[in-house]
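Data first, discussion second: the structure below is written as structure tokens.
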Amino acid sequence: MMFKVGDAVVHPIYGVGQIIRLDQKQFTGTELRQYFQVSTEKTMVWVPVETSETIGLRRLTTRVDLAQYRSILKSRPASLNKDHSRRRRALTESLKQGSFQALCEMVRDLTAHGWRKPLGSADATLLRKTHEMLCQEWAASDGATIAHATQEIDRMLLEAKRAYA
């Protein structure tokens, strides 16, 4: 998948952004390479063109696809491993996929895990970060504010709690 200047993209660490420039750069001790300059809400990121997909840069989810993700958020949560280390490893691997679906599933499953007992600090931090990323991309995809996206997502998670808790 090739990106072009003006594309709305999602960086797996920095979140929603837009490719504002394609440039050649040479950093200390490296050869001249092409980079996408991606502007996000908080920072500017240079992403090597040839590894952009490998690092997880992807197009913003479309508004049409949000219907599918609404179903995921309202569906039965998957059980998470009771062993903290294994659970953390599985969640980290899932997050590395960088897909919007993985983000939805992680927020749904961690939220549900917290219904049964309070989340530990590592799980709570991961849930907070993934929830923020989900809300940010949801808002950008839907053309809504982050506050509106957050309300919609939290409402769907509450529906799932009523149905499955």
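The values are calculated or read from the model by the stated rules, or taken from the named source; none is laboratory data. In this text the structure is predicted, and so the values were computed from the model without any measurement. Heads up, the Cβs are rebuilt from the backbone with ideal geometry, glycines too, and the neighbour counts pull from every protein chain shown.
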L119 passes all but one of the listed conditions (1) buried (at least 19 other Cβ atoms within 10 Å of the Cβ); (2) out of contact with any strand residue (DSSP E or B) (no Cβ under 6 Å at 6 or more places or on another chain); (3) of a type outside the set (D, E, K, R); the exception is number (1)
Residues in segment 68-77: is at least one touching a residue at least 24 places away in the same chain (Cβ under 8 Å), among the hydrophobic types (A, V, I, L, M, F, W, C) and surrounded by 12 or more Cβ atoms within 10 Å (Cβ to Cβ)? yes
With the requirement that a residue be without any contact (Cβ under 8 Å) to a residue 40 or more places away in the chain and under 16 Å from the mean Cα position of the chain (by Cα), what does segment 105-122 give you? E105, M106, D109, L110
Just one of the numbered conditions (1) in contact with a Phe, Trp or Tyr (Cβ under 8 Å, 6 or more places away or on another chain); (2) more than 19 Å from R155 (Cβ to Cβ); (3) among the polar types (S, T, N, Q) is not true of Q97; which one? (1)
Condition first: under 27 Å from L158 (Cα atoms), in contact with a Lys or Arg (Cβ under 7 Å, 6 or more places away or on another chain), modelled with pLDDT of 95 or more and not charged (D, E, K, R). Can you find one or more residues in segment 77-88 that meet it? yes
Quick check on segment 84-96. Is at least one of its residues crowded, with 16+ Cβ neighbours inside 10 Å, in contact with a Ser or Thr (Cβ under 8 Å, 6 or more places away or on another chain) and not acidic (D, E)? yes
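Would you say E31 is modelled with pLDDT of 90 or more and farther than 23 Å from A140 by Cβ? Outline the logic, then answer.
On the way: modelled with pLDDT of 90 or more: no; farther than 23 Å from A140 by Cβ: yes.
For E31, the condition - modelled with pLDDT of 90 or more and farther than 23 Å from A140 by Cβ - is not met.
Which ones in segment 14-26 are assigned to a loop (DSSP other than H, G, I, E, B) and surrounded by fewer than 11 Cβ atoms within 10 Å (Cβ to Cβ)? First the steps, then the outcome.
Here is the first cut: in segment 14-26, the residues assigned to a loop (DSSP other than H, G, I, E, B) are 14, 26.
The one that is assigned to a loop (DSSP other than H, G, I, E, B) and surrounded by fewer than 11 Cβ atoms within 10 Å (Cβ to Cβ): Q26.
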Can you tell me which of Q24, Q18 is of a type in the set (S, T, N, Q), on the phi < 0 side of the Ramachandran plot and touching a Lys or Arg at 6+ places or on another chain (Cβ under 8 Å)? Q24
Are any of the residues in segment 34-56 under 30 Å from G114 (Cα atoms), touching a residue at least 60 places away in the same chain (Cβ under 8 Å) and either in contact with a Pro (Cβ under 8 Å, 6 or more places away or on another chain) or surrounded by 16 or more Cβ atoms within 10 Å (Cβ to Cβ) (or both)? no
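In segment 114-156, how many are of a type outside the set (D, E, K, R), farther than 17 Å from L95 by Cα and in a helix (DSSP H, G or I)? Write out each step before concluding.
In the first step, residues of segment 114-156 are kept if they are of a type outside the set (D, E, K, R); the result is 114-115, 118-122, 124-127, 130-131, 133-136, 138-141, 143-151, 153, 156.
After this cut, where a residue has to be farther than 17 Å from L95 by Cα as well, the list is 114-115, 118-121, 139-141, 143-151, 153, 156.
Adding the requirement that they be in a helix (DSSP H, G or I) leaves 114-115, 121, 139-141, 146-151, 153, 156.
Result for segment 114-156: 14.
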Quick check on segment 37-70: of everything there that is assigned to a helix (DSSP H, G or I), within 17 Å of the chain's Cα centre (by Cα) and not aromatic (F, W, Y), which residue is nearest to L126 (Cα to Cα)? R70
